[in-house]
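Accompanying notes for the structure given below.
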Amino acid sequence: MPIASLFAESQALPHIPKVVMELIESFKNEDIDFDTLGKKIALDQALTAKVLRLANSAKFGAARTIAHPNDAVVVLGFDTLRTLVLASGMTSAFTTPPQFDQKQFWRTAFGVAALSKWLAEYTNNVDKEVVFTCGMLHSIGELLLRILKPANMILIDEAIALGGKPYSSEQAKLGYTSAEVGAELAKRWNFPIIMQQAILDQNNPALDKDYDTIAGLLFIAKYLLHAQQQDWTEENIIEHFPTPVAQHIGLDVNRAYADLASTNTLNSGLDGLLE
């Protein structure tokens, strides 16, 4: 079944708050009225409560208590506030089957986001907040499939458990991949094309297809997170590091290797949304 049919047949597509949609637009529009935006965020009480709780957490280290979204813009900066609001809106937008561990899903997504942003420090000409957002949303296609095609996803999980690659197992069982679904959802949510493309191309380094810097960063970040989850040593991480991908996107691997230990303490600061 083509992806268009997947979206056309469903009445259960996730909806995100209007203010989150406006923040998505802000990736393409630098002329944002921060005061007006802060007031709009304040109208959504649940969103505001989550954002302020995160903004006042130790991770973001505000020098004073932040009591209003407008204060968060001043103290944290617009990019950080946008990240907090986007994360808050996205984690509330999806309702998955009871047997699916959505909290662990988002912990993984936040981990990829933090690692992607860390890797971006060793490349040039990328917006680190855009990279972080792409990392956070890299697997929204999988999440949507968990909602719309739970039986198929169980079969895909079984194939992966037997050693199959997620994207090849998805292609075999569905005729498309979760990356394609995620890119289509990002398109329908009106994310910038550069972000749609990164989500779409995140597996391309393994498929000998074209990809840009952000897609390459996502690919390497997923590799690093897997290595962390498997408790690999630094020597093993370096030995199996996807060096050709790093070279393709101009990542300074020597500097990154020297700083690998710092990835063990990376924290997106967003796990509080899952409590």
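What follows draws every value from the coordinates through simple rules; no lab data is involved. The structure displayed is predicted, hence computed values, not measured ones. Positions of Cβ are backbone-derived with ideal geometry, glycine not excepted, and every protein chain shown enters the neighbour counts.
Per-structure values
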{"quantity": "Convex hull volume per residue in cubic angstrom - Cα atoms of the chain", "calculated": "139 Å³"}
{"quantity": "Candidates LEU155, LEU145, LEU225, ranked by Gaussian network fluctuation over the chain, Cα under 10 Å, top entry", "calculated": "LEU155"}
{"quantity": "Residue among GLU142, GLU22, GLU129 with the largest mean-square fluctuation in a Gaussian network model of the chain, springs linking Cα atoms under 10 Å", "calculated": "GLU22"}
{"quantity": "Percentage, to the nearest whole number, of Cα pairs in region 120-275 over 28 Å apart", "calculated": "22 percent"}
{"quantity": "Most to least packed among 108-119, 162-173, 234-245, 75-86 [average Cβ atoms within 10 Å]", "calculated": "108-119, 75-86, 162-173, 234-245"}
{"quantity": "P(r) of region 1-93 over all Cα-Cα pairs, binned every 5 Å from zero, in whole percent", "calculated": "2, 13, 24, 21, 15, 9, 6, 5, 3, 1, 0"}
{"quantity": "Binned Cα-Cα distance frequencies in region 203-267 - 5 Å width, integer %", "calculated": "4, 16, 31, 25, 17, 7, 1"}
{"quantity": "Charge-dipole axis of region 145-275 as Lys and Arg at +1 and Asp and Glu at -1 on Cβ define it, positive-most pick from ASN152, MET195, THR213", "calculated": "ASN152"}
{"quantity": "Proxy reagent accessibility, fewest Cβ within 10 Å first, across GLU275, GLU180", "calculated": "GLU275, GLU180"}
{"quantity": "Positive-end extreme of charge dipole, region 1-93 - chosen from MET21, MET90, LEU37 (charges on Cβ)", "calculated": "MET90"}
{"quantity": "Assigned charges on the beta-carbon of Lys, Arg, Asp, Glu; region 1-94 dipole about Cα centre (debye)", "calculated": "400 debye"}
{"quantity": "Total charge dipole magnitude, the chain, about the Cα centre, Cβ charges on Lys, Arg, Asp, Glu only, Debye to nearest 20", "calculated": "680 debye"}
{"quantity": "Links that overshoot a 18 Å alpha carbon limit, given the list LYS28/LYS187; LYS39/LYS128; LYS50/LYS149; LYS165/LYS222; LYS149/LYS209; LYS39/LYS117", "calculated": "LYS39/LYS128; LYS50/LYS149; LYS149/LYS209; LYS39/LYS117"}
